[in-house]
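A quick write-up on the structure given underneath.
The values are calculated or read from the model by the stated rules, or taken from the named source; none is laboratory data. All values derive from a computational prediction rather than experimental measurement. Cβ: placed from backbone, ideal geometry, glycine included. Neighbour counts: every protein chain shown.
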Amino acid sequence: MTKLELMQTGKTLYDKGLSVAKSGNLSLRLDTEHILITATGAHLGDLKEADLVKVDLATNQHEGAQKPSSELPLHALLHKNFPGKAVIHCHPPLINGYFAVYPEIKALTFETKLYLGNIPVVEQDTPAVTKPELVIEALKSGNLVVLRRHGVIAMAEDFKGALDLIETLEEAVKSAGLARLFKSDILDELDTQLKNALISGESFPMFTRPHIQAIVDLVNQDAFIQQKGKEMDLTLDLAIKLDGENAVYKFNFEKGKIIRLDSDEAAPFVISAPKDVWRMVFLGKIDPFVATTQGKMKLRGDLGKLSRWYVVFSRLFEIFKQVKINE
């Protein structure tokens, strides 16, 4: 990435109404020790090279007369904790308005569910981020976080990826707002199911066979999966794998029913991730589809083909969090 891409991103944010006047800030990782960040008071819609400040990550000291954005502590911490190279912080008006009155996004489209999932929301009571550790924790479950009354933070490998997330959320908020014009109560039956409280009962060590078998038992009792599995002919093998450990489980589906649980990865679709990511999946803090599109989990196989059964697997992943883990 280049300085030009950073400046073009600022103009795009301004042109699309996602940033106005002197609001918002951008940063770009140059190498392991330095970042570029927009200066205090810079207009994102009309950035010049002089508005880009080079900062040493180890000391937070900057070069030149221009002062870096007041959000430098947050940007520096993001670059120290995550591999992404581009960070966008802006104040989209629809997103700000929606999350000022609603606690979570109402996902009305498959695109919202697939690319965004459940967006973490961090309470914000000051004009600048004073508790960056909350943002860091939120970004462990995705690449986008809402700062209530203070916009959004998106981090990705490049500015295009970060901008895509913000635009997708702004569009999702717009759709939710329009839907309420047609019908004030937009909770459907499936969403109500997905909001059910976690079931009580025994807890298991994560990724052990009793843990996964308990999930299988719930799947095979779930009326929605059984119905949709038959309608959509869900007959395939899907494996889940814990990276770094010899733990893998293969679900053998036949018309929506798991007829056998194997311990191998000989399957057309294999979802894998390290332990901390799987923990967030089983706690319901991250959706595997979203984690795959954002690079936090790996998928061996064609996501497009797997998405044919998206609605069924979305329910499967919701069932994941119904079995309690004790670690």
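Across the stretch 224-247, a minimum of one residue is classified as in contact (Cβ under 8 Å) with a residue 40 or more places away in the chain, of a type outside the set (Phe, Trp, Tyr) and within 16 Å of LYS321 (Cα to Cα).
Only a single item in (1) on the phi > 0 side of the Ramachandran plot; (2) in contact (Cβ under 8 Å) with a residue 24 or more places away in the chain; (3) of a type outside the set (Val, Ile, Thr) is not met by PRO68, and it is number (1). Selection of the stretch 108-157 for residues being farther than 23 Å from ARG279 by Cβ and touching a Lys or Arg at 6+ places or on another chain (Cβ under 7 Å) yields GLU123, GLN124, GLU157.
Looking across the stretch 273-309, the residues that are modelled with pLDDT of 90 or more and either assigned to a strand (DSSP E or B) or aromatic (Phe, Trp, Tyr) (or both) come down to ALA273, TRP278, PHE282, LYS298, LEU299, ARG300, TRP309. Taking the listed residues ASP222, ASP262, the one that is at negative phi and buried (at least 18 other Cβ atoms within 10 Å of the Cβ) is ASP222, with no other qualifying. The number of residues in the stretch 197-252 being under 15 Å from LEU316 (Cα atoms) and assigned to a helix (DSSP H, G or I) comes to 19. The single condition among (1) free of Cβ contacts under 8 Å to residues at least 60 places away in the same chain; (2) within 24 Å of ALA214 (Cβ to Cβ) that LYS321 does not satisfy is (1). Condition check for ALA172 on (1) in contact with a Cys (Cβ under 9 Å, 6 or more places away or on another chain); (2) closer than 22 Å to THR292 by Cβ: one failure, at (1). Being assigned to a loop (DSSP other than H, G, I, E, B), touching a residue at least 12 places away in the same chain (Cβ under 8 Å) and over 12 Å from GLY10 (Cα atoms), is that true of even one residue in the stretch 42-56? Scanning the stretch 42-56, I find no residue that is assigned to a loop (DSSP other than H, G, I, E, B), touching a residue at least 12 places away in the same chain (Cβ under 8 Å) and over 12 Å from GLY10 (Cα atoms), so the answer is no.
Number of residues in the stretch 1-13 that are within 24 Å of the chain's Cα centre (by Cα) and of a type outside the set (Val, Ile, Thr): the value is 5. Does PHE253 fit the bill of being in contact (Cβ under 8 Å) with a residue 12 or more places away in the chain and touching a His at 6+ places or on another chain (Cβ under 9 Å)? The answer is no for PHE253. A count restricted to the stretch 140-174 and to residues that are part of a loop (DSSP other than H, G, I, E, B) and more than 25 Å from LEU6 (Cβ to Cβ) stands at 2. Is at least one residue of the stretch 298-307 closer than 16 Å to LYS140 by Cβ and either hydrophobic (A, V, I, L, M, F, W, C) or buried (at least 18 other Cβ atoms within 10 Å of the Cβ) (or both)? For the stretch 298-307, residues closer than 16 Å to LYS140 by Cβ and either hydrophobic (A, V, I, L, M, F, W, C) or buried (at least 18 other Cβ atoms within 10 Å of the Cβ) (or both): absent.
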